[in-house]
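Undergrad: Handing you a structure now.
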């Protein structure tokens, strides 16, 4: 059980304070919908992101999150993945704007967590360690 507790504590240690997120918009075409299978979408260091207008807000990892949104208008569905900053407010509270409906909105704070997969590797590692510690 001690091994399990130590492993859980070690999993959350961060060596670097910068968060990496996938970054794509409608201009990337359908590849933005399927990040993991397309292989055409790059990740970015959020400290250097083109979306980062106010650099003072992003210093200190707690102000940076990864964002994934799915929006729809009358004719198209749009996927966006990018860095999000505290100065933007709560992006996911916005339901519609300019005849566009927000279908999904996810914010997360681990590297490349805006890929769309729901179960991350650290959770799997925790479960395996827990089972073997019994």
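Undergrad: For the peptides 23-31, 80-88, 98-106, what is the packing order when you average, over each peptide's residues, the other Cβ atoms within 10 Å and list the highest mean first?
TA: Most protected by this proxy first, the peptides run 80-88, 23-31, 98-106.
Undergrad: Suppose each label sits 7 Å from its Cα in the direction of the beta carbon; what would the residue 133-residue 91 distance come out to in nanometres?
TA: For residue 133 paired with residue 91, the spin-label model returns 3.4 nm.
Coordinate-derived values only; no laboratory data. Note that the structure is predicted; figures quoted are calculated from it, not measured. We place every Cβ from the backbone using ideal geometry, glycine too, and count neighbours over all the protein chains shown.
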